[in-house]
Amino acid sequence: MLKRALESLTSRFAARPAWTGSAGACVLLIGRDGRIAGVSEAAATVTGVWASQLHGAVFAELFRPDDRGAASRALSLGGASGRVLLETDPAFGPSRRLDIAVSTRPDGRSDVLLLPARRETDEVAALREEAESARREAKQTADLLADLSHEMRTPLNAVIGFAGAMRAEMFGPLGHEKYDEYAEHIRASGEHLLDLVSSILDLAKIEADRFSLKREAVNAGALAEECAGIVRLQAEAAGLKLTTRISPEIPESFLDPRAVRQIVLNLLSNAVKFTSDGEITLTAQIEADEIVLTVTDTGVGMSDAEIAKLGSRFTAAHGDGVRGAKGAGLGLALAFALAELHGGSMKLSSAPGEGLTARVALPVVAPAAPARHRRAPAQAGANPALLTQLERIEAYRRERASAA
C-alpha cells in the first residue's frame, strides 16, 4: 500500500511542482545536494511547517539531531531503506513523528513520502522501551569488556615480558637473583589474571542460572576471620589497620564456603583499594535468623549516584584506587550476586569522603535441614516475581514431583 501511494504521488509530482495530494501524506523532492527542491501542498498538514519554509532546507536538518543520520542514510539507500520512523526538530515547528519512505529517481534526485506515524499502543511502547533498555545494557556490557581488556592486558604483558627475559637469560645463566624476582612477578600476575577470569566466569554462570552453590556446614564467623588474615598483610603494607569483631554466638549454617570467602575477600580488598589512611573493620554477628557480615572503611566513599551504578548490570563506580590500583567493578558485582544466590542480600551505605559500609545478610540454614531456605518455603500460588531464585527452583521441583 505504501509503495503504491508513493508511486502515485511520485508520478503526480513529476508532472508539476506542487499539487493538493492526500491530506494524510505529502511528498518532498530532494535534490542531489540533499536539499528540499519541491514540496507538496499537504506539507503544512503533515509536518506542521509551511512549504515556503521547507524549500531549500537540508532534508536531514528537518529532523532532530539524533535522527539526522538515519535520514541521510535513508536518502543514500533509496528504496532499500524501507520505512523509517523519525521525529521532526522543534526548531522547524511542532514536533511530529513521521514515517518516511524514499524512492530514488534515475537523475539522482529522490522523492520522499512523509506519513504521520500511527500512535503507539501500550504494547508497542513497552516493546520499544524494552529494546532501548537492551541497547543500554549492551553498551554497558561493551564498556565493561573494554575495561576488562585493559585490566587483563597489564598482567598478561608482565607474564610475557618477564618470561621472555628469563628465556633469553638476559642476566646470564638461570640462577641469577633477578630471575627469582621475575618469577615472583610472573606468579603474582598469573594469579591476578586467574582471579579476573574466574570472576568473569562466575558472573556469567550466575546470569545464565548455571552457578550451583556447594553448601556444607560452616561457621561464617570463622570464614570471616580467615579472610581477614589473608588481607591483613596487604592492609598493613598500605598503612591501614584491619580490625575484626567476630561474635562467638554465630551458629553453623549450611552455606557455600567458597562463595562466602569470595564475598568477604572482595569487600575487604575493595576497602583496601579505596582507603588512603585510617582503618577497616570487619564484623560478623547474628541478627534474628540472619548472619550479618559488615565491612566498614574510612576511605573515599561513594555518592548515591555512584552506588546506583551498581545495579543489575554491575559497573565500576570508581576509576583508579587511592594507590593507583584500577578495578573493573567485578568484586562488588560478584559479592552482590553471591549474596543473592544464597537468598541473602547486600547493601551499601556511604557518602563522599566518609568511607563505605557494606552489609551482607545471609540466611541461617540449619545443617540438619539443607533444603530449607531463608524464609518459609514458597507457597502454592505465590507471586513468582517475589520468589528468590532458590525458592523458584524448589517450587518447580515440587510441582514436577506432584505432577508425576
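Observations
- Legend: calculated FRET efficiency, S303 to E249, from the Cβ-Cβ distance at R0 = 45 Å, rounded to 0.05, equals 0.80.
- Under 5 Å from the amide H of R35 lie the amide H atoms of F59, each residue being 5 or more positions distant or on a separate chain, with H modelled from the backbone and absent for Pro and chain starts.
- For the pair K214 and R167 in one chain, pulling the backbone fully straight at 0.36 nm per residue adds 12.8 nm over the alpha carbon distance.
- Note on D277/H185: beta-carbon distance plugged into 1/(1 + (r/R0)^6) with R0 of 25 Å gives a FRET efficiency of 0.35.
- Label-to-label distance for S349 and R109 is 7.1 nm, based on points extended 7 Å past Cα in the beta-carbon direction.
- Approximate spin-label separation E132-E177, in nm, with each point projected 7 Å along Cα-to-Cβ: 6.5
- Rounded FRET efficiency, nearest 0.05, which uses the C-beta distance separating A366 from E236 and R0 of 30 Å: 0.20
- Per-peptide average of other Cβ atoms within 10 Å, ordering 294-300, 169-175, 100-106 highest first: 294-300, 100-106, 169-175
- Theoretical gain in end-to-end length, R97 to N157 [0.36 nm per residue, Cα-Cα removed]: 16.4 nm
- For the peptides 244-251, 43-50, 265-272, residues were scored by their other Cβ atoms within 10 Å and the scores averaged per peptide; the highest-first order is 265-272, 43-50, 244-251.
- Length gained when the stretch L194-D66 is fully extended (0.36 nm per residue, less Cα-Cα span): 41.9 nm
- Listed residue pairs exceeding 24 Å between alpha carbons, taken from K273/K347; K178/K241; K214/K241: K178/K241; K214/K241
- For I280, nonlocal amide neighbours, meaning residues 5 or more places apart or on other chains whose placed amide H falls under 5 Å from its own, are K241, L242, T243.
- Taken one residue at a time, the phi angles of the range 347-357 give Karplus couplings (6.51, -1.76, 1.60, θ = phi - 60°) of 10, 10, 9, 6, 7, x, x, 10, x, 9, 10 Hz. Gly and Pro are set to x.
Only the coordinates and a few stated rules stand behind these numbers; no lab work does. Quantities reported herein were computed from a predicted structural model and do not represent experimental measurements. Using ideal geometry, Cβ is built from the backbone for each residue, glycine included, and neighbour counts are taken over all protein chains shown.
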